[in-house]
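Engineer: So that we are looking at the same thing, I have put the structure below in structure tokens.
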Amino acid sequence: MHRRNVLQLLGATAVAAAYGSSARAARSGDRVVVIGAGILGAAISYHLARRGAKVTLLEKTAPASGTTGDSFAYLNASTKSSSRPYFDLNARGMAGWRRWQAEFGAALPLQWGGSIYWRDENAAAEKLLSTLRICQEWGYSGRRVDEGELRGLLPKASLGRVDGAVVYEEEGVVDPVGAVRVLLDRAKALGATLRFPVEVTGIDVAGDRVRGVKTNEGNIEADTVVVAAGIGSQWLANSLGVKLPLVPSPGVLIHTAPQPKLLDSVVFAPTSTVKQSLDGRIVSSSGHEGSSEGGDLQQQGQRILANAARYFPTLKDAKIERVSHGLRVLPQDGFPVLGYAPKVGNLYLAVTHSGITLAPAVAQFATQEILDGIAPDVLAPFRPTRFA
Ligand SMILES: Cc1cc2nc3c(=O)[nH]c(=O)nc-3n(C[C@H](O)[C@H](O)[C@H](O)COP(=O)(O)OP(=O)(O)OC[C@H]3O[C@@H](n4cnc5c(N)ncnc54)[C@H](O)[C@@H]3O)c2cc1C
């Protein structure tokens, strides 16, 4: 039986006691191929390289050219209140970003300005407050604010009617492309190899084990293969008969030219979501989590800008530099798919929406699973086997 299966039988606690640091030393030279240089592939590669694994990261286009480059990149758990395990995993992700900040310092383009929500209609305000109550009961920092305080927090906004408002102080945003750059630089400095453009065209399997990957530049052997290929993960998994159902979910954002300082927090107004990056650019979406309305992208962009300008009038004539049309990596049930694939002993799947928030936690857990043989119990609800 493969060592990992034996370890799972023994149980995580017994394993930690039985193997301790010798297991880490024994596994640290493992050859791991990671497929996909989005936020998850970059994060996992960095964590594995830090522990001494021989990492080869393969990217078919360029780093952060997939969903990560089109992400709003709001770091939060408050939008995850429908499930306690999912909320907790996201809170671990946020804690992980703070650890990364301690490691990387100002190189990491993070902004911990909190988030501000308000609603202009009673039912929506009630929903906002009931979400706040759940988050508070689960130990999260957040509070109701009155209209006066809201005006003080957003002096440059034109709020309109306010039926209820909430702030979550510990949330933030990040520039996802800049974060991938930092993680890859650190991973490479630790010996990881990043290759692009190199496309993985198949996975090389013998029996119930992966031997490596097939690419358009030849085969590469590996002890473990990590699939962090975003929406491309579905095809890779399916090619081995592993079910990984993803649902299409496009999201549209506008990115403006740099603007004078407008806000410090990420803002969820009744019909618009707005953040201002460190370089002054405004990133905004409207509708449900920035979902695409379909039709012409530039016209959608103009509507998003008009919506943002309802609340921040100085944005009315802002120049839109880019309208992005991103594809969420959305598993059918909405929850992450994390862990070894069923049937194939050493193929690890890391596929999820909210991957920006979750990246540090996913990277930590994946590294522990791959190098230490630990099966963290917090991942139990998110295993790929649930689709088998
Ligand atoms: C509009 C929008 C808003 C979002 N907002 C948020 C948010 O506010 N907060 C949050 O936490 N998350 C948010 N998300 C989700 C988050 O962006 C994603 O979960 C995350 O970026 C996924 O990262 P990834 O590394 O898994 O995938 P990707 O970034 O897509 O990376 C996968 C990479 O794999 C490469 N690849 C694919 N197939 C192959 C192959 N065969 N060989 C080699 N390389 C391959 C691709 O080129 C790509 O670069 C949002 C997403 C969208 C679209």
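Engineer: Here are ARG209, ARG195: which of them is near the ligand (Cβ under 10 Å from one of its atoms), in contact (Cβ under 8 Å) with a residue 60 or more places away in the chain, farther than 30 Å from LEU297 by Cα and not assigned by TED's automatic domain parsing to the domain that holds LYS316?
Structural biologist: Of the residues listed, the single one that is near the ligand (Cβ under 10 Å from one of its atoms), in contact (Cβ under 8 Å) with a residue 60 or more places away in the chain, farther than 30 Å from LEU297 by Cα and not assigned by TED's automatic domain parsing to the domain that holds LYS316 is ARG195.
Engineer: A further question follows. Just to be sure before I move on: is VAL351 within 14 Å of the ligand (Cβ to nearest atom) and more than 17 Å from the chain's Cα centre (by Cα) in the structure I sent?
Structural biologist: no
Engineer: Here is a follow-up. Which number in (1) surrounded by 14 or more Cβ atoms within 10 Å (Cβ to Cβ); (2) outside the structural domain of GLY295 (by TED's automatic domain parsing) marks the one condition that ASN216 misses?
Structural biologist: (1)
Engineer: I'd like to check something: does the stretch 28-39 contain any residue that is at pLDDT 50 or above and closer than 22 Å to GLN111 by Cα?
Structural biologist: Yes, the conditions are met somewhere in the stretch 28-39.
Engineer: Out of all the residues in the stretch 56-104, which are touching a strand residue (DSSP E or B) at 6+ places or on another chain (Cβ under 7 Å), aliphatic (A, V, I, L, M) and more than 26 Å from ILE134 (Cα to Cα)?
Structural biologist: Residues satisfying the conditions are LEU57, LEU58.
Engineer: Would you tally the residues in the stretch 354-388 being away from the ligand (no atom under 16 Å from the Cβ) and on the phi > 0 side of the Ramachandran plot?
Structural biologist: 1
Engineer: Within the stretch 255-262, can one find any residue that is within 13 Å of the ligand (Cβ to nearest atom) and part of a loop (DSSP other than H, G, I, E, B)? Talk me through it step by step, then tell me what you get.
Structural biologist: Of the residues in the stretch 255-262, the ones within 13 Å of the ligand (Cβ to nearest atom) are 255.
Those left that are additionally part of a loop (DSSP other than H, G, I, E, B): none.
Looking for residues that are within 13 Å of the ligand (Cβ to nearest atom) and part of a loop (DSSP other than H, G, I, E, B), one finds none in the stretch 255-262, hence no.
Engineer: Right, something else. Residues of the stretch 160-179 being in contact with a Gly (Cβ under 7 Å, 6 or more places away or on another chain) and β-branched (Val, Ile, Thr), which ones?
Structural biologist: VAL166, VAL167, VAL177 - these are the residues of the stretch 160-179 that are in contact with a Gly (Cβ under 7 Å, 6 or more places away or on another chain) and β-branched (Val, Ile, Thr).
The values are calculated or read from the model by the stated rules, or taken from the named source; none is laboratory data. Because the structure is a prediction, the values reported are computed rather than measured. Using ideal geometry, Cβ is built from the backbone for each residue, glycine included, and neighbour counts are taken over all protein chains shown.
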